[in-house]
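In what follows, a single structure is set out as structure tokens and then discussed.
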Amino acid sequence: MNKVYIIGAGPGDREYILPKAVSVMKEAYGIIGAKRLLPVLSELTGKTEGFYPFGKIDDTIELAEELLKKGDVAIIVSGDPLLYSFFKTITNKKPEWETEVIPGVGSLQMLGAAFGQTMEDAAIVSVHGRKKTKGSIALTVKEHAKTFFLCSKEQGPDFLSRIMLEYGMDDVTVYAGANLSYEDEVLFSGTPLEMADKEFPGLCVAMIFNPEPEVVAKKALLSDRDFVRGKTPMTKEEIRAILIMKMGLMADSVVWDIGAGTGSISIECARQCPYGEVHGVERNGEAVKLIEKNKEKFGTEQLFIYQGQAMEVIPSLPVPDVVFIGGSGGELEDVLAYIADLDLKIKVVITAVTVETIAECSNCLEKYDKNYEITQVTAGRSRKIGSYHIVDNNNTVMIFEATI
């Protein structure tokens with residue numbers, strides 16, 4: 001069986017392409033690479049035929065499959081093939097292919113070398129072709145001494161610097177580099193304030209040094225009496241505590257709270273996710289006013305509130321990590337179908353009290369996660385009668401957990 005070689009071309013300069021890579025390319029039947037690299041590869045290999053430019057991902061894979069019928073194929077990628085590169089795409093789409101990786105020098109290594117910064121204690125983040133929330137970026141920098149970034153034209157070092165300023169991290173140092181190893185190499189460093197208004201080439205890399213990294217701890221949970229209350233029913237504190245645990249929130253999680261009520265779950269999620277986003281959806285106008293009051297009381301600026309039916313609102317929301325559904329206004333099936341179509345693994349937690357809602361949850365979740373879990377919770381509180389205490393039980397709550 002013929003083999004596919006995934007070869008890292010480093011930053012693109014011929015001096016950074018390994019002799020092993022050149023040897024493999026000389027023997028390959030077909031070589032696929034970026035147009036700008038093909039003249040360099042032709043010169044290195046001494047070959048004038050068998051070169052093919054990269055196209056769309058599916059077109060490139062189809063081309064490689066045709067070439068494999070006649071011989072080995074070398075696919076040349078910039079930087080290191082093992083770091084946010086084409087190799088993972090191939091292993092996902094064509095696991096049956098026999099592949100071999102020949103690594104290259106990555107642009108992040110080049111940046112570290114240029115500024116004398118080591119990488120053993122670094123976090124690595126790609127914002128090139130990937131959606132990362134501002135909070136997620138800020139959290140990573142907050143918790144690490146060094147964070148290296150593969151940037152995009154829209155999310156470059158200036159964009160990263162503005163995030164640092166927005167989250168009050170003006171004591172970090174931002175390093176940036178572009179066209180590394182070439183004659184027109186560009187290197188910058190400075191504070192976020194100095195870097196926020198600079199212009200950078202379309203494709204560059206960055207590193208942010210944080211002199212005092214710290215782990216962001218989650219806050220203790222609130223009690224019912226902490227909230228501004230109204231006539232709208234509120235999830236009781238004992239149930240909230242279990243729900244927050246079940247949701248498995250991270251400091252930078254993006255959360256939907258469908259049927260937000262007074263906002264007790266939304267507020268708790270926002271407090272647990274200081275670098276995340278919480279989007280509360282509630283159709284009742286009075287309840288929305290209560291959420292606004294509680295948002296102001298607890299200073300949860302990362303909580304966004306929307307009045308309306310769930311299916312009217314959620315198409316405009318960012319893709320969530322976790323969805324809590326405390327009430328769907330009769331749209332549970334539609335909401336779950338919408339989440340399933342997002343084609344990501346999303347944690348869903350649903351509460352149900354009535355027999356009808358319990359049955360509906362079971363029937364709907366069965367379509368998406370046959371291993372969904374149910375937890376039954378009953379909480380009671382004491383009250384005094386004369387010299388005695390009795391316990392009044394609240395409604396039993398069924399908590400559904402699924403990944404869809």
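A few points about this structure:
- Summed over segment 78-91, the residues that are of a type in the set (A, V, I, L, M, F, W, C) and touching a strand residue (DSSP E or B) at 6+ places or on another chain (Cβ under 6 Å) give a count of 2.
- Residue in segment 332-339 that is open to solvent by 30 Å² or more (accessible area, probe 1.4 Å) and touching a residue at least 40 places away in the same chain (Cβ under 8 Å) present: no
- Of the residues G8, G30, the single one that is of a type outside the set (A, V, I, L, M) and either over 21 Å from N179 (Cβ atoms) or loosely packed, with under 15 Cβ neighbours inside 10 Å (or both) is G30.
One line per residue, one yes/no per condition, for (1) more than 12 Å from L303 (Cα to Cα); (2) more than 28 Å from the chain's Cα centre (by Cα); (3) at pLDDT below 95:
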{"site": "V216", "(1), (2), (3)": "yes, no, yes"}
{"site": "A220", "(1), (2), (3)": "yes, no, yes"}
{"site": "G248", "(1), (2), (3)": "yes, no, no"}
{"site": "I258", "(1), (2), (3)": "yes, no, no"}
{"site": "I265", "(1), (2), (3)": "no, no, no"}
{"site": "E277", "(1), (2), (3)": "no, no, no"}
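- Qualifying residue in segment 2-23 (condition: closer than 27 Å to D184 by Cα, part of a helix (DSSP H, G or I), modelled with pLDDT of 90 or more and among the aliphatic types (A, V, I, L, M)): yes
- Just so you know, in segment 279-293 the residues that are assigned to a helix (DSSP H, G or I) and among the hydrophobic types (A, V, I, L, M, F, W, C) include one that is nearest to the chain's Cα centre (by Cα), and it is I291.
- In segment 141-178, the qualifying residues are those that are hydrophobic (A, V, I, L, M, F, W, C) and out of contact with any helix residue (DSSP H, G or I) (no Cβ under 8 Å at 6 or more places or on another chain), and the one that is farthest from F209 (Cα to Cα) is A178.
- Residue in segment 16-24 that is out of contact with any helix residue (DSSP H, G or I) (no Cβ under 6 Å at 6 or more places or on another chain), open to solvent by less than 40 Å² (accessible area, probe 1.4 Å) and farther than 26 Å from G129 by Cα present: yes
- 3 or more residues open to solvent by less than 30 Å² (accessible area, probe 1.4 Å), closer than 16 Å to A178 by Cβ and not hydroxyl-bearing (S, T, Y): qualifying helices (runs of 4 or more DSSP H) within segment 81-155: 107-115
- Subset of segment 177-220 (residues that are of a type in the set (G, A, S), within 30 Å of G104 (Cα to Cα), open to solvent by 40 Å² or more (accessible area, probe 1.4 Å) and in a loop (DSSP other than H, G, I, E, B)): none
- Segment 294-404 holds helices (runs of 4 or more DSSP H) entirely within its bounds, and those carrying 2 or more residues that are out of contact with any helix residue (DSSP H, G or I) (no Cβ under 6 Å at 6 or more places or on another chain), more than 18 Å from G248 (Cβ to Cβ) and among the polar types (S, T, N, Q) map to 355-365.
- In segment 373-402, the residues that are within 26 Å of T351 (Cα to Cα) and in contact (Cβ under 8 Å) with a residue 12 or more places away in the chain form Cβ pairs under 7 Å with partners that are among the small types (G, A, S) and open to solvent by less than 80 Å² (accessible area, probe 1.4 Å), at six or more places apart or across chains, as follows: D392/G380; N393/G380; N394/A379; N394/G380; M398/A352; F400/A352.
- Cβ-Cβ under 6 Å pairs, at least 6 apart or on other chains, segment 311-330 side open to solvent by less than 40 Å² (accessible area, probe 1.4 Å), far side among the charged types (D, E, K, R): V322/K347; F324/D257; G329/R283
Here is a yes/no grid of residues against (1) farther than 18 Å from W256 by Cα; (2) modelled with pLDDT of 95 or more:
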site	(1), (2)
F324	no, yes
K345	no, no
A359	yes, yes
N393	yes, no
T396	yes, no
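- Some residue of segment 253-262 being surrounded by fewer than 22 Cβ atoms within 10 Å (Cβ to Cβ), in contact with a helix residue (DSSP H, G or I) (Cβ under 9 Å, 6 or more places away or on another chain) and among the hydrophobic types (A, V, I, L, M, F, W, C): no
The values are calculated or read from the model by the stated rules, or taken from the named source; none is laboratory data. All values derive from a computational prediction rather than experimental measurement. A quick note on method: Cβ atoms are made from the backbone with ideal geometry, for glycine too, and the neighbour counts reach across all protein chains shown. For accessibility, only protein heavy atoms count, side chains too; no ligands or nucleic acids. Shrake-Rupley method; radii C 1.70, N 1.55, O 1.52, S 1.80 Å.
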